[in-house]
Amino acid sequence: MSVSPTRHRLRRITSAGLVASAALALVGSAVTTATAQTAPDEERARPGAKIIGGVEQSNGAHPWMAALLSKGSGNPADRQFCGGSLVSDTVVLTAAHCVTGTKPKQVEVTVGRTVLSDKRQGQLRNVRSIVSHPRYVKGNEAYDLALLELAKPVTGTAAVKMPTAGTDALLRPGAQATVIGWGNTDTEVPSFPDRLRGVNVPLLSHAECTATYPGYNKAVNVCAGVESKDSCQGDSGGPLFRKVAGRTYQIGIVSYGEGCGEQGAPGVYTSTSSKKLWDTLAESPEGKRMKQLLRR
Ligand code: ARG
C-alpha cells in the first residue's frame, strides 16, 4: 500500500527524535506492506510506550468503525493499514496520509467488523472514489483528511455524528475522549492486534500541543494523550470520539505523533469540529462533490 512510511512522524531535531523516527519509519513500512511485523534492530526500548495502554473492544461496540484493507487474498489482519469511520451510508472518513497515491481499486473497506480476521463480521465494500482534502500537502501534516466513497451503501448502520462545525464544546482540555484502532500496541516489540482496541485519552489545549509540535495547526488540529496512553502506527485515519448524552461524536481523526505514548509527545488529530476544515473542502471540484455527499 502506498502509505508513505515517513509521512506521519514529526521531524524534530533531537537525538531521541531521530532514533524514534528511524525506528518508526521501519515500523511504518511493516504496517504498509502488512507482512513482516518484527521489530527492526534499530528499535529502541522506550519504556512507557505501550493503541498503547488500551483494552479490547467487544463485538458491535462501534458499528460505524471502519478498517481500510489492501485488496488481496491474505488474512485481513495482515492487510489492514488504517482506520476510518462511517459518516454517511456511502462515505468513510479517514486520514489523507492513509490514501495518498492510492487508487480506489487497491483498497477495500470493512465497516462494523471488530475482529479483522473474522470475515463474517461487518460489511465489506469496494471503493468508488477517493478524495483527499485539497489543502492537504504531503510532508505537511495539517488537513489530514480524506473521504472514501463506497461502491455500495452500508445498510442498517448509523453513521457516527460530527460535532457542529466551528464549535469547541467537545474539546475542553482535560475532558476524556476515546480513540480506537487496530494499530500497534507496543512500541518495544511492535504488535498488531486482530481485535479492535481502544483507550481513553485526555484532550489537551492548543498551547500544550504547540509546545511539542511546531507545525501544529490549531485551526484544524486537536491533541490528546498522556504518557503510555495514545494511538500509534496503524491507528491512523481512525476516530477520536466522545459519548455525550448517549450519542457518539467523532472529534478527531488519528493523524500523527512523535513516537507513541511517549512523555510530552501526545497524539495529534485532525479536528472534525473545525469550520475551516470543512469550508476549505470546497476549494476543489472533487471536494465540493464530497461535501454534497456529506450534506455539509
Ligand atoms: N501516522 C500513524 C499511522 O499511520 C498514526 C500515528 C499516531 N501517533 C501517535 N503518537 N498518536 O498509523
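Where a number appears in this text, it was derived from the coordinates with a stated rule and is not lab data. The structure presented is a predicted model; accordingly, all values stated were derived computationally and were not measured. Glycine gets a Cβ as well: all are built from the backbone with ideal geometry, and neighbour counts include every protein chain shown.
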message: Run the paramagnetic zone check for ARG247: 7 angstrom along Cα to Cβ, then residues of the range 67-89 with backbone nitrogen under 20 Å.
response: 85-89
query: Taking the Cα centre of the range 145-245 as the origin, how large is its charge dipole in debye, to the nearest 20, when only Lys and Arg (+1) and Asp and Glu (-1) carry charge on their Cβ atoms?
result: 460
task: Do me a favour and compute the ellipsoid semi-axes for the range 205-260 from its Cα gyration tensor, root of five times each eigenvalue, largest one first, whole Å.
output: 20, 14, 11
statement: Note: VAL137 to GLN292 extended length (0.36 nm per residue) minus current alpha-carbon separation gives 53.5 nm
field: Two-site FRET efficiency, SER284 against GLN263, from Cβ-Cβ distance with R₀ of 45 Å, rounded to 0.05
entry: 0.70
Selection from VAL137, GLY74, CYS98, by position along the positive dipole direction of the range 61-185 (Cβ): GLY74
task: Identify all aspartates and glutamates with a Cα-Cα distance to LYS275 below 13 Å; exclude those on the same chain that are fewer than 8 residues away in sequence.
output: ASP168
statement: Taking only C-alpha positions in the range 221-296, Rg and Dmax in angstrom work out to 14.5, 42
task: Take each of the peptides 121-134, 154-167, 200-213, average the number of other beta-carbon atoms within 10 Å over its residues, and list them starting from the highest.
output: 121-134, 200-213, 154-167
- prompt: So what are the radius of gyration and Dmax for the Cα set of the range 162-251, in Å?
  reply: 13.7, 40
- prompt: Once the piece of chain linking ALA158 and ALA61 is laid out straight, how much longer is it, given 0.36 nm per residue of separation minus the C-alpha distance between them?
  reply: 33.7 nm
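Using a 10 Å cut-off on Cβ atoms, rank the peptides 262-272, 103-113 from the highest mean neighbour count down. It would help to have the intermediate numbers written out before the result.
Numbers: 262-272: 24.5, 103-113: 19.6.
Highest mean packing first, the order is 262-272, 103-113.
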